[in-house]
1. Please go through segment 206-221 and pick out each residue that is more than 21 Å from Val351 (Cα to Cα), crowded, with 16+ Cβ neighbours inside 10 Å and among the aliphatic types (A, V, I, L, M).
2. What single numbered condition from (1) over 15 Å from Gly286 (Cα atoms); (2) more than 21 Å from the chain's Cα centre (by Cα) fails to hold for Gly387?
3. Evaluate segment 170-182: report whether one residue or more is surrounded by fewer than 20 Cβ atoms within 10 Å (Cβ to Cβ), among the charged types (D, E, K, R) and in contact with a Phe, Trp or Tyr (Cβ under 8 Å, 6 or more places away or on another chain).
4. What about Glu381, is it under 27 Å from Thr294 (Cβ atoms), outside the structural domain of Leu487 (by TED's automatic domain parsing), among the acidic types (Asp, Glu) and at pLDDT 85 or above?
5. For residues that are under 21 Å from Lys157 (Cβ atoms) and touching a Leu at 6+ places or on another chain (Cβ under 8 Å), scanning just segment 334-349, find the one that is surrounded by the most Cβ atoms within 10 Å (Cβ to Cβ).
6. Of all helices (runs of 4 or more DSSP H) completely enclosed by segment 397-499, which ones contain at least 1 residues that are in contact with a Leu (Cβ under 6 Å, 6 or more places away or on another chain) and at pLDDT below 85?
7. Restrict the check to segment 168-177 and report whether at least one residue is hydroxyl-bearing (Ser, Thr, Tyr), assigned by TED's automatic domain parsing to the domain that holds Leu111 and within 16 Å of Asn248 (Cα to Cα).
8. Collect the residues in segment 194-225 that are closer than 12 Å to Gly246 by Cα and in contact with a Leu (Cβ under 7 Å, 6 or more places away or on another chain), keeping them in residue-number order.
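The values are calculated or read from the model by the stated rules, or taken from the named source; none is laboratory data. For clarity, every value in this text was computed on a predicted model and none was experimentally measured. Quick reminder, even Gly has a Cβ in these numbers, built from the backbone with ideal geometry, and neighbours come from all protein chains shown.
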Amino acid sequence: MRRLSLTALTVTAVTLSSFAFMYHPADAELFGKKDDASQAAPASFADLSEKLLPSVVNISSTQKAAPPEDMPELPEFPPGSPFEDFFKDFQGKRGGGDGGEGMEAQPVASLGSGFVIDAAKGYIVTNNHVIRDADEVRITFHDDTSLEAKIIGKDEKTDLALLQVKPEKPLTAVKFGNSDVMRVGDWVLAIGNPFGLGGTVTQGIISARQRDINAGPYDDFIQTDASINRGNSGGPMFNLKGEVIGINTAIFSPSGGSVGIGFAIPSNLAKPVVDQLLQYGRTRRGWLGVRIQTVSPEIAESLGLKEVRGALVASITAGGPAEIGKLEPGDIILEFNNQKLDAMRQLPRLVAETPIGTKADVLYWRNGKTATTKVEVGELEKAEKDGLIENGDEPAEVKPGTGTEIPAVGVTVSTLSPALREAHEIPDTAKGVVVTAVKAGSESAEKGLTVGDVIVEINQQPSEDAVAAKKLIDDAQKAGKASVLLLVDHQGRDDSRFVALRLKK
C-alpha cells in the first residue's frame, strides 16, 4: 500500500469557490446529569439539532469579475458572408464595435456558512475567505430571511471574519465552549451549508487534536470524521451541550468531497480573535521579535539539553522585544509567561494571545544551564507596518565552487572573499564561511544546506576561516561528539537557522 503524508495531500476547500478555512454553557441539562462536554450520545440528535439550526446561517458573497482583456481579434469576413452578422453581434456585446455597450462583468459568487454569536446586535462569525474581496455579503437564515451584512473585521492568519446584520426580528445565538476540554472520541455535530444545499446537520467524533496542516502560523486544528464538504466553511462544530467548540475549516480530499478527514479551528483559538475584531475591527497580537525553529534531538544533544522540547531562537529582530530582553540566537525558550513549551509551535500562539505591553517571564537554556529574563511583549501588526518583519525575495541560484572539504558532514567551504561575495550575492556585512559544494546524499544535503549558504558559527563559536571551520568539526568528531551545531544564513541574508548534523564515526 502506498503511504501518503499529510503534506502530500491536497487540502480541498470547504467552500464552493475557494480554499476553505473557518460563547459558557448553553443548556447544561440538555442531555442529562453530566455537565462536562464529554457525554454519551443520545438516542437521537433531533432535539439538539432543532435547537441549534436557527443559529447557523448561509453566507453568499459576490464580487464583480472584470471582463477578459486579452480576447483574440475576431476574423474578418467578406460582405454578405453568413458569419458576418453573427460575429458583429458578438463583437458588439464584448465592447468591440458597432456601438455595443460591451460585455458586462459577471459576479463571482462564494458560498459558505456562519453562526450568530450575538442575537441583539446581529454579530455573525465565519471564515475570512468566504467573504474575501467581496463587494456584497448576504446572510440567509434558517427561515429563509435574507439580509445584507457588513464586514466588521477579518483576520487572514486564522482565516476568521466577523460580520453584522441589522435584525428585523429576534435571532438565535450560540456561545463558544471550551475546546481544550474536548477529547479524542468525543461526539460532535457539524452544521453548515454544503454545496449550497442549505442547513445540513452531520455528526461524528473528534478524531485528533492539535493538527498542524501548514495552513498558517497558528495551526492547532481539531480533526473530525463528521461529514464536512464544500460550503461548510465557516460553520460551527458543536459539543453535545450546544456550545461551539470549533469552526469547520478544511478537509483533506483528492476529489473535493468528504472522506472523513475534516478540520476545525478550536474555539479557544477563535474566541480571542473574534473578541479583538469586535473591539478593534482588527487583530492586535503579541510579538516577541524572534525567528524560531524546532528543537531536534541532534540540536538538543549539541546544546547539552536533556529534554527535546522548547523553541530554538534562530535570529533576533534588531530593536525588538527579545533583543531588549537580552535573548540571543542559540537560546532555547523553555517557558513563556510561566507556560511550559513542549513543542516549538506552541510559542507563536502563546505570544500572540498575550496582551501587548505585558512583561512576560521567559525561561531559556543557554551555555548548558537555564536562565530567566523579562520581555515586554510588542504588537505584531505594528511591527509589520513598521517593516520590522520582512519576508524577503527568493534567493537566486548560485554555482558551486571549490574550497576546503569537510568529509565529516559532507560539505566544502571557503573563506569569504570579494569574488565569492559577488558570485553568491552575499552582502558585505555577512560573516562566516561560504558553502561551495554539498555532497549528494550527505547529512548536510538532507538538512537543506545549499551552495551559497554562510556558516556563521560552529558549536556556537564564530567561523570565519575555512581551515579553522574544518578543525572545529574535526575536533568535535575526535572528542566523540555525536553531532555538530551550525548557525547558517542563506546567502548571508539575515535569516539565520540552526542545523544539527550527525558526525560520521
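1. Start the filter on segment 206-221 by keeping residues that are more than 21 Å from Val351 (Cα to Cα), which leaves 206-208.
When the remaining residues are screened for being crowded, with 16+ Cβ neighbours inside 10 Å, the result is 206-207.
The answer is Ile206, and nothing else.
2. (2)
3. Kept after step one, since they are surrounded by fewer than 20 Cβ atoms within 10 Å (Cβ to Cβ), are these residues of segment 170-182: 170, 172-173, 175, 178, 180-181.
Among the residues that remain, those that are also among the charged types (D, E, K, R) are: 175, 180.
Keeping just the survivors that are in contact with a Phe, Trp or Tyr (Cβ under 8 Å, 6 or more places away or on another chain) gives 175.
Within segment 170-182 (the criterion being surrounded by fewer than 20 Cβ atoms within 10 Å (Cβ to Cβ), among the charged types (D, E, K, R) and in contact with a Phe, Trp or Tyr (Cβ under 8 Å, 6 or more places away or on another chain)), the answer is yes, since at least one residue qualifies.
4. Numbers: under 27 Å from Thr294 (Cβ atoms): yes; outside the structural domain of Leu487 (by TED's automatic domain parsing): yes; among the acidic types (Asp, Glu): yes; at pLDDT 85 or above: yes.
Yes: the conditions hold for Glu381.
5. In the first step, residues of segment 334-349 are kept if they are under 21 Å from Lys157 (Cβ atoms); the result is 336-337, 339, 341, 343-349.
Adding the requirement that they be touching a Leu at 6+ places or on another chain (Cβ under 8 Å) leaves 336-337, 339, 341, 344, 347, 349.
Numbers: Phe336: 24, Asn337: 17, Gln339: 13, Leu341: 20, Met344: 17, Leu347: 20, Arg349: 19.
So the residue we want is Phe336.
6. Passing ranges, in order: 443-446.
7. Our first condition is that a residue be hydroxyl-bearing (Ser, Thr, Tyr); within segment 168-177, this holds for 172.
Subsequent filtering for residues that are assigned by TED's automatic domain parsing to the domain that holds Leu111 retains 172.
Remaining after also requiring within 16 Å of Asn248 (Cα to Cα): none.
There is no residue in segment 168-177 that is hydroxyl-bearing (Ser, Thr, Tyr), assigned by TED's automatic domain parsing to the domain that holds Leu111 and within 16 Å of Asn248 (Cα to Cα).
8. Within segment 194-225, Asp220 is the sole residue that qualifies.
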